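Working notes, structure below.
The values are calculated or read from the model by the stated rules, or taken from the named source; none is laboratory data. Just so you know, these numbers come straight off a predicted model, no measurement behind them. As a convention, Cβ positions derive from the backbone with ideal geometry for all residues, glycine included, and neighbour counts pool all protein chains shown. Ligands, DNA and RNA are excluded from the accessible area calculation, which covers all protein heavy atoms including side chains. Shrake-Rupley method; radii C 1.70, N 1.55, O 1.52, S 1.80 Å.
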Amino acid sequence: MPSKDKRDVYYRLGKSDGWRARSAYKLLHLDEEYNLFEGVTRVADLCAAPGSWSQVLSQKLIKERPNAEIKPTIVAVDLQPMLPLPDVIQLQGDITKSSTAEALISHFKGEMADLVVCDGAPDVTGLHDLDEYMQAQLLLAALHITLHVLKPGGNFVAKIFRGRDVSLLFDQLACFFEKVECAKPRSSRNSSMEAFVVCRNYTLPKGFKLDMSKPLLDFAYDEAKDDMRFIAPFVAAGDLSGFDADKTYPLPEGPALSPVAPPTAPPYKAYLERNRAKQQ
């Protein structure tokens with residue numbers, strides 16, 4: 001009997017449509033709701049591997065706009081190596097390092113990004129409090145580098161795990177963005193605690209000093225928001241009449257679909273190499 005993942009409709013659609021992961025549909029559904037790519041010519045994809053969001057960015061910004069006056073620049077950043085993608089600049093680096101922020105800006109030829117996206121997530125343990133905390137730290141790291149590379153008025157989209165302390169993250173994001181919403185794409189399973197923060201119109205608060213050497217934000221600036229109990233609106237993104245990510249659909253006829261892109265640095269790589277050496 002095939003596993004639930006093998007029967008998941010977005011998993012199968014991703015293979016047949018050529019996306020490296022089913023997560024591509026999450027960004028597509030967010031774009032349907034928010035029109036994220038309008039006027040975008042410089043975009044950073046943080047924690048990009050295996051590259052499905054970079055594929056969407058390439059498709060929407062370059063392939064579907066062949067006559068654009070300015071060819072958009074897409075930079076994908078990840079600690080892990082990633083198989084090449086057309087029209088995507090790959091940067092292997094740590095998003096907590098100032099050198100990574102400087103490299104990003106250099107690829108934008110000294111300009112700042114119009115949009116920063118991040119679909120990164122930790123390896124979940126099943127312990128929800130721990131997973132929520134780790135995801136929050138990753139989101140803060142993504143926000144930290146975003147503050148250095150995003151232009152005023154730019155937008156930021158990132159994965160978030162909804163839990164009891166999620167309102168604190170909304171408060172922090174609301175200090176830097178005029179509009180902050182929490183969106184659940186149609187392709188994200190209802191059983192999953194994941195959602196996505198869509199932050200628009202970046203504005204650096206008065207008195208806030210950017211410093212990549214500090215791992216977390218200390219918010220020691222002169223004028224913070226008066227009400228720090230911000231509650232982000234919750235939005236369902238994507239066509240609600242489309243496929244249900246939690247529903248099981250019949251498998252199509254024919255052989256199983258193979259991965260679009262094999263893993264470049266799987267955790268079992270060392271085992272395979274030792275086993276291959278023994279057989280020789």
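The table for this structure:
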item	result
Filtered residues of region 206-225 (kept if at pLDDT 80 or above and exposed (fewer than 12 other Cβ atoms within 10 Å of the Cβ))	LYS206, GLY207, LYS209, LEU210
Identity of the residue in region 182-205, open to solvent by 40 Å² or more (accessible area, probe 1.4 Å) and assigned to a strand (DSSP E or B), that ends up farthest from LEU36 (Cα to Cα)	ASN201
Residue match in region 101-116 (condition: out of contact with any strand residue (DSSP E or B) (no Cβ under 6 Å at 6 or more places or on another chain), of a type in the set (Phe, Trp, Tyr) and surrounded by fewer than 23 Cβ atoms within 10 Å (Cβ to Cβ))	no
Test: PRO266 is modelled with pLDDT of 65 or more, under 21 Å from ALA21 (Cβ atoms) and surrounded by fewer than 16 Cβ atoms within 10 Å (Cβ to Cβ)	yes
Close pairs (8 angstrom Cβ cut-off, 6 or more residues apart or separate chains): under 14 Å from VAL75 (Cα atoms) in region 105-123, open to solvent by 30 Å² or more (accessible area, probe 1.4 Å) and small (Gly, Ala, Ser) anywhere	ASP114/GLY39
Residue within region 135-155 that is more than 24 Å from ASP114 (Cβ to Cβ) and in a loop (DSSP other than H, G, I, E, B) present	no
Flag if ILE89 is open to solvent by less than 40 Å² (accessible area, probe 1.4 Å) and aliphatic (A, V, I, L, M)	no
Count - residues of region 40-71 that are in a loop (DSSP other than H, G, I, E, B) and either in contact with a strand residue (DSSP E or B) (Cβ under 7 Å, 6 or more places away or on another chain) or within 17 Å of ASP17 (Cβ to Cβ) (or both)	8
Residue tally, condition open to solvent by less than 30 Å² (accessible area, probe 1.4 Å) and in a loop (DSSP other than H, G, I, E, B), over region 164-181	2
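One line per residue, one yes/no per condition, for (1) surrounded by 18 or more Cβ atoms within 10 Å (Cβ to Cβ); (2) within 22 Å of GLY154 (Cα to Cα); (3) in contact with a His (Cβ under 7 Å, 6 or more places away or on another chain); (4) of a type outside the set (Gly, Ala, Ser):
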site: TRP19; (1), (2), (3), (4): yes, no, no, yes
site: ALA24; (1), (2), (3), (4): yes, yes, no, no
site: GLU38; (1), (2), (3), (4): no, yes, no, yes
site: SER58; (1), (2), (3), (4): yes, yes, no, no
site: PRO84; (1), (2), (3), (4): no, no, no, yes
